[in-house]
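Notes follow the structure.
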């Protein structure tokens, strides 16, 4: 039994961390911080936790020492807070974007501000167990990838590793509204956001830097908000290096993800659930991954879907924690998702 | 050709007024006011008007004299502004709640503040043409009913007029998110508001006062927000004074609304469009009205649906203007609605 | 460890039964029947179960003896099948409408056909643990209430038991599309069903008979389909027998449901989660119950929300099974629901 | 005043044709055919037309001679019907896919069956006024492009014409559920289709053949169904031939579409309506077109959005009719779209 505290626990990723940790048999929650809501019950922000906990938000300033500190703070905030809080716990997991990129220059290019703690960038292991499981086993500082990055990395890794695709890859990512967090502006209001197909990053979405770093491919990423609260899907288009067949690619995917507890290869011939769709994944830690080969064998499409707040956030963090602690990797992440929803 | 100006034109009702007036062949728009957006193009707030107009928002302080002044300002704001602006136009149409109720006491009870211009309350004709068409023909000041009130009044008037129902009536109203206007708070954000069945007025919704005033029935109204941007529906349950038949009630409704250009009686035996549903009315000025009789003939259900921003707001205002000016009542309101949508 | 089989397992309630039973530590699944899909993997119908099971559908004709038989068959089908299958298991739980009403006449009135096994009607205990927990402890045949009935019964029971409300109660129920099961007709298609506020039972919804039977109140129920896949909400309006206060009613509800593992009293003064809303309950077995008192103390509104496929179906069945087997009542039903969703 | 008849008028495109033609001042509707619904009122299939017309469906076999025949029949059906019906009208407009491609081999490749009237393929002018206006002025047979093709063609034409982009272009198309017509299967049911991000064409969507034909670019197209009833959006990614600037591309788009009544260039620096989004276009005949240049000037994204049933179907047909008849091009197509919706 270890004790973990969550910094920035009033947001949506923070709420999912609390939900998952409350249901995790090896963990107790120490504190959950929110400056705005300190003193108030966590279930006022996360009404699904009514009856699950009597915890109240505290201030980050009042954080006690604990076994693990999870940062669900926004980009740019974590790198400001972390140096001060680093002594409070021997183990840190950051869910923001601040420690995902290895190079400070890339950070500045994609986040628009200089990194304030560039020396720490190299200290974090990447929280993408399917690529970095070994390193995670003794990592004390872990940085969880971005939601769309996670999906694209898992979609493309088999192709990249096998050297099947040309390096230039176009990614179109779709996302629900919870991806922008607890947002209060007019653009995020229901009447304005409902039913959109809103391109918010027509070129150069910041997650493309992560995908490039992990796959070595020259990806370009666009991102569009669609009608959904949760869920991310990526469709990646690439040219094949030589003519390939469906069977060949299927073997590559199956082999790469054999034994992975949270990656399923979904690429079927029939039915309405042929390819990855976040609709059936909400609340679960699965990332479904699929592929298709063009009729002439010259082009490839790789797809992936996940719940941005779970496998694209809180769930990935818990999965990393399980690996780091030597617990079964599925522990606390058993929820399979709902259908229909 | 007359000139009209819209006060409070940056909100959703204001936007609908602009859309309808831009398409109205007898009207030109003078000014559209917004304090927050003054100087900016109206199509920044209402992107559907791109290419329709080059108008920019001005301040209410700069309002020139005009033929008609339309108030799309929030409740409590109109009654503050109106006395100052009254001299700018011989004709006023108010779409807020401030001049709907005849008695200042009722206003205070339902709006939570004393009325600041109680002497003007009696000066307004009610902008519900199906009940007050005659008065509207020479009314200079008109107050348009609330969206849910409009629906409930039109649903219940035939029963009330014919004395068929017991006076105690329970109304359950459903509404989309645009009913609360351009809202920026967390509760209105897409992630929070999406997919709700959120009771926001479990008893005593303020529109019940209007329904009571217009029908004489002792109504009680609950209101629930559901997943929709536009649309209002009311389901009204009443006890019949004596046993009634479907045919009897059908005759009452058909007769009451014969010749009405914007009320259709919808109460069919089969199909998925048997009863009023705002889904097929969005953008149109129709209010569909329906009814059902319980198997034992002892209870009645009256229903109505409309687009809260059109027949429940801007469209009703234009309909009143048409009547007042002696123009064909459908002028500028011809859009029939879309299916499917 | 007991073995259960599910009859009619290809529908949505059947799918939820499989999901819950696969996660239940005391249960193994014997067979899952579907005539249409026999021989096919259950995860073709329920894609959220990919990786959870390799089970295939079998025919009801091939059902082996088992410990418990769960019927997720449609109304009218169960009463035809049950007499033949009754010998296959010592314990039966029916989730259809066929054995909910105690009187064959009521059944015929509400279901439109004579009951084919009227003698069995009295043999079933009602699967509403909050009212019948004691009887369930040694019940071998259990009939789970309808989804809207369950919500209304739990909303109204405290008032009915305390004798606070006049017996005449108006219920407005809202429901998502999964309530009509795996439906293939045009009316159920996405383009037609999306965004509706569709009154499908303007008077006399069949669940009103169940509410009457369990509460003794003279309820009348209307039902409206709204935009949602899962979720049921009821708003019940009643007149108070004498003037009541919020505090008084709060005490009645709190007391009635103290200690209930799946009923939470939700009636808050502020916030957007003041009253029961299925949005935060999807996938969970909670039924949130709330109330409001009109300003004059003379009228009451009782509300409830649940997931129609869980507490209004499969979850209630598992809860009953837990009670009957003497297991902890929350076993296998721990999922708390998601926010936001 | 001319008389037009609609073949296949019970579908969604057929319904939109009826809506637009009923509101068109130069047109009367002769007949509307549907084999399945013949004899029934058209407003049973299209409830938004209640009160707009008393027309009933007739059989195609009973089609009288008329001025214009519009085919809203499904792919493969038109080419079977057309040879027989060709004598009934001097002018034909086909909205199906059967006469869009110039080569029978391409048709077979993308539609999976041999073309049954290959000699007629060359007889049709393409109903994309922005490219073929001149030819449409005296075309007697017109074939309207597919909805996603129309969007992609309008998005890419400025780039292709100016020779700015490399020929290899990746298109990701999003579409609402009405794109598959009045669909009754399980995959189209609300519970299954709601909230999806469902890739239904991971490679080689058939509209890519049309885009290639019209733009000369080597496009590959994926298509994903998202939560919406109406609306299509395309995001096209290309490499620039040489480094380009935003200003340069803006000039290309502005110039290409200057004076076009139904194409608006939407590519703004701020706000939530920066890029084309079908949300504000529903019911209107606009196609909004936008673009973005990557930070390094080496890649381009072109975007477009439209209502698949209007500019991607019925509206385009009416626009073509207006051109062919020498009427003002906007006639009957004035509806600007709604916001919010």
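Can you give me the angle between helix D:12-22 and the longest principal axis of chain D, using Cα atoms only, in degrees from 0 to 90, rounded to the nearest 10?
That helix lies at roughly 70 degrees to the long axis.
Taking neighbour Cβ counts within 10 Å as the exposure measure, how do C:43, C:98, D:62 sort from fewest upward?
In increasing order of surrounding Cβ atoms, one gets D:62, C:43, C:98.
Hey, what's the per residue convex hull volume over the C-alpha atoms of the range B:225-303, in cubic angstrom?
In the range B:225-303, the Cα hull volume divided by residue count equals 103 Å³.
For the range D:303-322 and the range B:305-341, what is the separation of their C-alpha centers, rounded to whole Å?
25
Which percent, nearest 5, of DSSP beta bridges in the protein assembly as shown are antiparallel?
In the protein assembly as shown, DSSP labels about 50 percent of beta bridges as antiparallel.
From the C-alpha coordinates alone, can you work out the Kirkwood hydrodynamic radius of the range C:147-306, in Å?
Computed over Cα pairs of the range C:147-306, the Kirkwood hydrodynamic radius comes out at 16.0 Å.
Would you mind telling me the antiparallel percentage of the DSSP bridges in the range D:147-306, rounded to 5?
Of all bridge pairs located within the range D:147-306, approximately 70 percent are antiparallel.
According to the square roots a ≥ b ≥ c of the eigenvalues of the Cα gyration tensor, what is the shape class of the range B:156-234, taking rounded for a/c under 1.5, prolate for a/b larger than b/c otherwise, and oblate for the remainder?
prolate
Of the candidates A:283, A:51, A:231, which one comes out as most mobile in a Gaussian network treatment of chain A with C-alpha springs shorter than 10 Å?
Between A:283, A:51, A:231, it is A:51 that shows the largest mean-square fluctuation.
Only Cα pairs under 8 Å and at least 6 apart count here; give the relative contact order of the range D:196-296 as a rounded whole percent.
About 23 percent, as a whole number.
Using a Gaussian network model of chain A with C-alpha springs under 10 Å, which one of A:162, A:173, A:104 is most mobile by mean-square fluctuation?
Judging by the Gaussian network model, the answer is A:162.
So what's the Cα pair-distance distribution over the protein assembly as shown, bin width 10 Å, in %?
2, 9, 17, 22, 22, 17, 10, 3, 0
Count the DSSP beta bridges whose two residues both fall in chain D, then state the antiparallel fraction as a percent rounded to the nearest 5.
Beta bridges within chain D, antiparallel portion: roughly 50 percent.
Starting from the Cα gyration tensor of the range C:20-79, take the square roots of the eigenvalues, sort them a ≥ b ≥ c, and report rounded, prolate or oblate (rounded when a/c is under 1.5, otherwise prolate if a/b is larger than b/c, else oblate).
Because a/c hits 1.5 or more and a/b fails to exceed b/c, the range C:20-79 counts as oblate.
Evaluate the relative contact order of the range C:73-142 (contact order divided by residue number), counting alpha-carbon pairs under 8 angstrom at least 6 apart; express in whole percent.
Contact order relative to length: 31 percent.
Taking only the alpha carbons of chain B, what extent do you get along each of the three principal axes, in Å, biggest first?
Rounded to whole Å, the extents work out to 62, 43, 39 Å.
Using all alpha carbons of the range D:2-123, what is the percent of pairwise distances in each 10 Å bin, ordered from the shortest bin to the longest?
Values per bin, smallest distances first: 14, 44, 30, 12, 1.
Can you compute the modelled spin-label distance between residue D:119 and residue C:251, with each label point 7 Å from Cα toward Cβ, in nm?
9.3
Exposure proxy check: C:17, A:92 ranked by fewest other beta carbons within 10 Å?
Fewest to most other Cβ atoms nearby, the residues stand as A:92, C:17.
Taking residue A:243 in one copy and the same position in all the others, each labelled 7 Å out along Cα→Cβ, what are the pairwise distances from the first, in nm, shortest first?
Going from nearest to farthest copy, the values are 4.0, 8.1, 8.9 nm.
Got the residue C:113 label distances to the other copies yet, label 7 Å along Cα→Cβ, in nm, shortest first?
3.8, 6.1, 6.7
Cα convex hull of the range A:84-166: mean projected area in nm², to one decimal?
6.6
Arrange B:29, B:280 by Cβ neighbour counts within 10 Å, fewest through most, would you?
B:29, B:280
Once the label point is set 7 Å along the Cα-to-beta-carbon vector, what list of distances in nm do you get between residue C:54 and its counterparts in the other copies?
So the distances to the same position in the other copies read 4.8, 6.8, 7.3 nm.
What percent does the relative contact order of chain A come to when contacts are Cα pairs within less than 8 Å and at least six residues apart?
This gives 17 percent for chain A.
Hey, how many Å between the Cα centroid of the range A:41-112 and the Cα centroid of the range D:146-168?
Measuring centre to centre over Cα atoms gives 45 Å.
Between the range A:207-286 and the range C:237-292, how far is it from one alpha carbon centroid to the other, in angstrom?
43
Once Rh for the range A:294-341 is found with the Kirkwood sum over Cα pairs, what is the Stokes-Einstein diffusion coefficient at 10 °C and 1.306 mPa s, in µm²/s?
Translational D for this selection: 120 µm²/s.
Based on the inverse mean of 1/r over its pairs of different Cα atoms, what is the Kirkwood hydrodynamic radius of the range C:96-241, in Å?
After inverting the pairwise mean of 1/r, the radius is 16.3 Å.
Bear in mind these aren't lab numbers, they're just calculated from the coordinates by the rules spelled out. None of the values given here were measured: they were computed from a predicted structure. Cβ coordinates were reconstructed from backbone atoms using ideal geometry, including for glycine residues, and neighbour counts include every protein chain displayed.
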